[in-house]
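Student: Before I ask anything, here is the structure I am working with.
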Amino acid sequence: QVQVAESGGGLVQPGGSLRLSCTALGSIFTIDTMRWHRQAPGKEREFVARFNEDGTTYYGDSVKGRFTISRDNAKNTAYLQMDSLKVDDTAVYYCDIELRRYSTDVTQTYWGQGTQVTVSS
């Protein structure tokens, strides 16, 4: 069984920084794409960042230049470094990971439970 565990959320003042972590736990053969999304109260879930297996990264327009996604394949972990945070960044941040549990498995997407980020003075 595979689980995705997120951590690192919290309360921060505008202009501050936070780093989120997302780890895939369990029996894992290989990880493809690792992504972050977020959902603010009353809004739809929004794409934040993606780190592909080939090393390419993509960002949502609202976070470009402020957020950085990285990954440590040895630890099955993705990170989201968030700098210059704004009040509008307040949301629950979710990580999802595309992976295979064994060599002949099909690629499936696993989601974490989310971690709350609140930006407020």
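The values are calculated or read from the model by the stated rules, or taken from the named source; none is laboratory data. None of these values were measured; they are calculated from a predicted model. A quick note on method: Cβ atoms are made from the backbone with ideal geometry, for glycine too, and the neighbour counts reach across all protein chains shown. Calculation scope for accessible area: heavy atoms of the full protein, side chains included, ligands and nucleic acids excluded. Shrake-Rupley method; radii C 1.70, N 1.55, O 1.52, S 1.80 Å.
Student: Conditions: (1) touching a His at 6+ places or on another chain (Cβ under 8 Å); (2) part of a helix (DSSP H, G or I); (3) not β-branched (Val, Ile, Thr). Asp96 meets all but one. Number of the miss?
Tutor: Checking Asp96 against (1) touching a His at 6+ places or on another chain (Cβ under 8 Å); (2) part of a helix (DSSP H, G or I); (3) not β-branched (Val, Ile, Thr), the one that fails is (2).
Student: Here's a follow-up. What number of residues in the stretch 51-66 are crowded, with 16+ Cβ neighbours inside 10 Å and either part of a loop (DSSP other than H, G, I, E, B) or in contact with an Asp or Glu (Cβ under 7 Å, 6 or more places away or on another chain) (or both)?
Tutor: 1
Student: Being out of contact with any Lys or Arg (no Cβ under 8 Å at 6 or more places or on another chain), open to solvent by 70 Å² or more (accessible area, probe 1.4 Å) and in a strand (DSSP E or B), is that true of even one residue in the stretch 99-119?
Tutor: Yes; the residues of the stretch 99-119 include at least one that is out of contact with any Lys or Arg (no Cβ under 8 Å at 6 or more places or on another chain), open to solvent by 70 Å² or more (accessible area, probe 1.4 Å) and in a strand (DSSP E or B).
Student: Please verify whether Ser70 is touching a helix residue (DSSP H, G or I) at 6+ places or on another chain (Cβ under 8 Å) and open to solvent by less than 70 Å² (accessible area, probe 1.4 Å), treating the condition exactly as stated.
Tutor: No, not satisfied.
Student: Now for a different question. Residues to consider are Ser21, Ser7; find the one that is free of Cβ contacts under 8 Å to residues at least 60 places away in the same chain and in contact with a Cys (Cβ under 9 Å, 6 or more places away or on another chain).
Tutor: Only one candidate qualifies: Ser21.
Student: Just give me the residues in the stretch 1-45 being open to solvent by 80 Å² or more (accessible area, probe 1.4 Å), closer than 20 Å to Gln108 by Cα and not in a strand (DSSP E or B), in sequence order.
Tutor: Gln1, Phe29, Arg45
Student: Could you check how many residues of the stretch 67-93 are assigned to a strand (DSSP E or B) and of a type in the set (Asp, Glu)?
Tutor: Qualifying residue count, the stretch 67-93: 1.
Student: Looking at (1) open to solvent by 10 Å² or more (accessible area, probe 1.4 Å); (2) touching an Asp or Glu at 6+ places or on another chain (Cβ under 7 Å); (3) over 20 Å from Thr30 (Cα atoms), which is the one condition that is false for Val87?
Tutor: For Val87, the exception is condition (2).
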